[in-house]
Amino acid sequence: MTALGLLYPGHAAEDDYQRIEQLLASDIRMDVVHTDLGEDALGVDALRETGAPQRLAAGVERLRMSGAEAVVWASTSGSFVHGWEGAQDQVRALALAAGLPASSTALGFVHAARELGARRVAVGATYPDDVSALFAEFLRAGGVEAVSVHGAGTSSAARAGAWGEAELFALARAADREDAEAVLLPDAALHTAAHLPALEKEVGKPVLTANQVTVWEGLRLADRRVNAPAMGALFTREPLVQA
C-alpha cells in the first residue's frame, strides 16, 4: 500500500482523487485533507494567503496519523504565486513540518513536463491574465517555456469547479498551439480525471492537469510508478534520462 497525503484548499474538485484511485486500480490510497481556502478569489493577494504557512501547518496536523509516505500541497496557484524560490521555500517548510517528502502541484507541473520531454508547452488557465502570466513565469524559471497562455478570467475556484466537459475542452483548444509539445491545464478546481485520454485525443498531444499531476508528483516522491493509460501519457511513459 502506498499512501499519499494531499492538502487541498477548500472544496471544488477533490472528488477527482476518488476517481483517480479507481482508475489506478492499485494499492494506492489518497488521504485528502482540506485546508482553509480563505477568500475564494483568483487574485494574487488572495492566492498568496491560501498558501500561507499557518494554513498548511494546520493541514499537516490533520495528516499526521494518516500513514502518508509523502505530502503534496494540491494547489497550483497557491504555490506559483510565490515565485520559483518562494514555492521551493514553501515545500521545504511543509516537509519539515510533516517529516515527509513534500512538493506542490506547481512544482509537479515542471517535473511532469520534464518527464515527458516537453520543453515548450501551451497553458490553458481559468485564472485572470495577470495570474496566468505568473504561472508562465514560474514554468520558465523551471526550464519550461510557455509558448501560449490563455486565461479564461474565472473569478473563483467555485466557478471553475462548476465547469463541465464542454468548457474544459474549449479551454484546451483555446490554449493549444502547433509548436506546443504538451497542453497544461493548471487549475486544481477543474474536474479533469474522467477526461484525460479524450483531451489528449482532442489536441493530439499530452495533456497535464492539476489533479493528475498532483497524484503523479506524490507517487514520484514515494518512488512508485504506475502504468495507467486512463490517466494519460504522463502515466504511460518510461521516465526520461535528464541531461
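Quick grid of which residues meet (1) buried (at least 18 other Cβ atoms within 10 Å of the Cβ); (2) modelled with pLDDT under 95; (3) out of contact with any Lys or Arg (no Cβ under 6 Å at 6 or more places or on another chain); (4) among the hydroxyl-bearing types (Ser, Thr, Tyr):
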site	(1), (2), (3), (4)
62	no, yes, yes, no
68	yes, yes, yes, no
73	yes, no, yes, no
80	yes, no, yes, no
88	no, no, yes, no
98	yes, yes, yes, no
106	yes, no, yes, no
Practice task
Identify the residue in the range 115-130 that is among the β-branched types (Val, Ile, Thr) and at pLDDT 95 or above and, among all such residues, is farthest from the chain's Cα centre (by Cα).
Solution key: 121
Practice task
Report whether or not residue 57 is in contact (Cβ under 8 Å) with a residue 40 or more places away in the chain, of a type in the set (A, V, I, L, M) and either in the same structural domain as residue 136 (by TED's automatic domain parsing) or crowded, with 18+ Cβ neighbours inside 10 Å (or both).
Solution key: no
Exercise for the section: Answer yes if at least one residue in the range 83-96 is hydrophobic (A, V, I, L, M, F, W, C), free of Cβ contacts under 8 Å to residues at least 40 places away in the same chain, farther than 14 Å from residue 188 by Cα and assigned to a loop (DSSP other than H, G, I, E, B), and no otherwise. Expected result: no
Problem - Complete set of residues in the range 28-82 that are of a type in the set (Val, Ile, Thr), farther than 19 Å from residue 17 by Cα and assigned to a helix (DSSP H, G or I) - result: 44, 50
Handout entry: Residue ranges of helices (runs of 4 or more DSSP H) in the range 109-227 with at least 2 members within 27 Å of residue 48 (Cβ to Cβ)
Key = 129-141, 157-161, 165-175, 210-221
Exercise for the section: Six or more apart or on different chains, Cβ under 9 Å: which pairs go from a residue in the range 23-40 that's outside the structural domain of residue 189 (by TED's automatic domain parsing) to one that's loosely packed, with under 14 Cβ neighbours inside 10 Å and modelled with pLDDT of 90 or more? Could you list them? Expected result: 30/18; 32/18
Practice task
Consider residue 24 carefully, then state whether it is of a type outside the set (S, T, N, Q), at pLDDT below 95, closer than 27 Å to residue 123 by Cβ and touching a helix residue (DSSP H, G or I) at 6+ places or on another chain (Cβ under 6 Å).
Solution key: no
Practice task
May I ask you to verify whether residue 236 is hydroxyl-bearing (Ser, Thr, Tyr) and more than 22 Å from residue 5 (Cα to Cα)?
Solution key: yes
Problem - Single unsatisfied condition, residue 234 versus (1) farther than 22 Å from residue 87 by Cα; (2) in a strand (DSSP E or B); (3) touching a Pro at 6+ places or on another chain (Cβ under 8 Å); (4) aliphatic (A, V, I, L, M) - result: (2)
Handout entry: Per-region count, the range 113-130, residues surrounded by fewer than 24 Cβ atoms within 10 Å (Cβ to Cβ) and among the hydrophobic types (A, V, I, L, M, F, W, C)
Key = 2
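The values are calculated or read from the model by the stated rules, or taken from the named source; none is laboratory data. It should be emphasised that the depicted structure is a prediction, and the values quoted were computed from it without experimental measurement. So basically every Cβ, Gly included, is an ideal-geometry build from the backbone, and we count neighbours across all protein chains shown.
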